[in-house]
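Data first, discussion second: the structure below is written as structure tokens.
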Amino acid sequence: MALWTDVISPAELTGFSREAASQFDATAGTLSDVFPTVGTTDVSFKWYVNEKVQDVAAFRSFDAESKIGGAAGLEEKIASLTPISLKKRFGEYDQLVRMGQNSPESVQAAADRLATEVAQGVVRRLIQARGEALVTGALSINDDGVVANVDFGRRPDHTVDAAVAWDAAGSDPIADLEAWRQAYVDHTGQEPTGIKASPQIVAALQRNETLRGYLGTNAPTLLDRATINNILVGYGLPGIEVVNTRVAGQPVLDPDYLVLTAEGAGATVYGTTLEAVDPRYQLADAALPGLVVGAYAEDDPNIKWIRANAVALPILGNPDLTFAARVLAIAGS
């Protein structure tokens with residue numbers, strides 16, 4: 001396929017698509033608050049596991065050497081960013097219809113619409129990977145025979161099971177969360193600032209007898225979400241953000257797990273594609289990292305393709321700032 005530039009500018013299409021992708025990624029439930037977007041000019045990303053664990057200074061005598069902080073003893077990791085792409089067909093008939101005087105949509109508008117769709121498709125796959133990373137502390141990619149495995153190095157004791165499932169008699173969600181919060185603080189020196197959980201987990205909390213008991217004998221039969229969060233905040237715990245996002249019909253966050261998070265846990269790293277450095281794309285140096293979208297042409301048949309491409313990966317650079325707990329579907333509960 002040849003890049004089609006006589007009608008549709010790849011630079012304009014890329015800029016439009018990046019804005020569409022950014023707006024889509026900023027909606028609720030995409031997990032982009034834990035994995036904000038960063039760019040790199042490389043095709044790999046290197047980090048030190050839990051590099052942001054806090055250093056502590058030391059008092060010293062006058063003229064004495066300062067205590068040395070930094071990455072000593074930290075585990076260095078590197079991950080190859082993985083190509084991720086999607087294209088959509090702009091067929092002969094579709095093109096001819098949009099060339100007519102009474103067409104409800106111009107060729108450029110059709111290209112913009114298809115560009116939005118493929119850009120959002122790339123973001124959806126990254127959202128899936130974010131959810132997997134939060135729950136497992138790792139990534140296992142197997143798309144169309146492309147296999148990539150990344151272990152971010154999260155502490156094994158930051159992936160746990162509740163002693164009793166929260167939808168079973170005898171469970172105490174507040175006691176569980178207090179214990180997990182304390183472990184989180186002990187291991188990282190930071191407070192978790194958020195909890196991600198599925199609607200199924202929230203539904204279990206709404207009916208949990210022990211949680212209702214915290215409100216006394218006048219507790220309603222079914223707690224609403226605001227009341228649940230008020231109880232949690234009252235005990236020094238973060239409120240719950242309900243993650244109900246689905247991709248291809250599947251939840252992006254395992255419905256049985258909740259995840260404690262904090263700012264700085266991860267990032268969505270976009271590298272630089274070959275298209276970005278192609279002179280025909282006319283991208284400035286500062287715009288090289290990131291998603292690119294172009295229109296491509298075939299002669300027989302005379303059809304066009306709107307294609308999005310990126311090299312990207314969600315990275316948990318500070319994996320211990322996440323803590324995953326299975327609170328439903330626990331054996332023996």
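Evaluated over the chain, the count of Lys pairs having alpha-carbon atoms less than 25 Å apart is 6 (only pairs 8 or more residues apart or interchain). Each Lys and Arg contributes +1 and each Asp and Glu -1, all at the Cβ; summed about the Cα centre of the chain, the dipole is approximately 400 debye. Using every pair of separate Cα atoms, the Kirkwood estimate puts the hydrodynamic radius of the chain at 22.5 angstrom.
Charged neighbours of Asp256, selected by a Cβ distance under 11 Å, balance to -2 (K, R count +1; D, E count -1). Positive end of the dipole of the chain (Cβ unit charges, origin at the Cα centre): among Val107, Gly294, Asn244, the Cα lying farthest that way belongs to Asn244.
Computed from backbone phi with θ = phi - 60° and the Karplus coefficients 6.51, -1.76 and 1.60, the 3J(HN,Hα) list for region 116-123 is 4, 5, 6, 5, 5, x, 5, 5 Hz; x is used for glycine and proline. Modelled spin labels at Asp300 and Ser103, positioned 7 Å past Cα toward Cβ, are 2.5 nm from each other. In the chain, taking the dipole from charged Cβ atoms about the Cα centre, the farthest positive-side position among Trp180, Ala219, Gly29 is held by Ala219. Couplings for region 225-231, taken from phi via the Karplus curve 6.51 cos²θ - 1.76 cosθ + 1.60 with θ = phi - 60°, read 5, 4, 5, 4, 5, 4, 5 Hz in order; Gly and Pro are left as x. Here the simple spin-label model places points 7 Å from the Cα toward Cβ, and for Asp151 and Thr5 these points are separated by 4.6 nm. Quote the FRET efficiency, to the nearest 0.05, computed for Glu191 versus Arg280 with a Förster distance R0 of 45 Å and r equal to the Cβ-Cβ distance. My answer for the efficiency is 0.35. Counting every C-alpha pair in region 194-330, the share spaced more than 23 angstrom apart comes to 57%. How much of the calculated P(r) for region 146-251 lies past 25 Å, in percent of all Cα pairs? Here the long-distance tail beyond 25 Å is 29 percent of all Cα pairs in region 146-251.
Remark on region 113-205: Rg and Dmax equal 17.3, 52 Å (Cα only).
When peptides 86-93, 217-224, 290-297 are ranked by their average number of other Cβ atoms within 10 Å per residue, the highest-first order is 290-297, 86-93, 217-224.
Between Lys88 and Glu263, the modelled labels are 3.5 nm apart [label points 7 Å from Cα along Cα→Cβ]. Basic side chains Lys and Arg get +1 at the Cβ, acidic Asp and Glu get -1 at the Cβ, and with that the dipole of region 209-333 about its Cα centre reaches some 380 debye. Full extension of the chain between Val43 and Lys67 gives 5.1 nm of extra length, using 0.36 nm per residue less the Cα-Cα distance. Globularity index of region 15-150 is 1.61 (Cα radius of gyration / 2.2 N^0.38 Å, N = number of residues).
Taken together, the values in this text are just the output of simple stated rules run on the coordinates, not laboratory data. Given the structure is predicted, the values throughout are model-derived calculations rather than measurements. Positions of Cβ are generated from backbone atoms using ideal geometry, with glycine treated the same way; all protein chains shown enter the neighbour counts.
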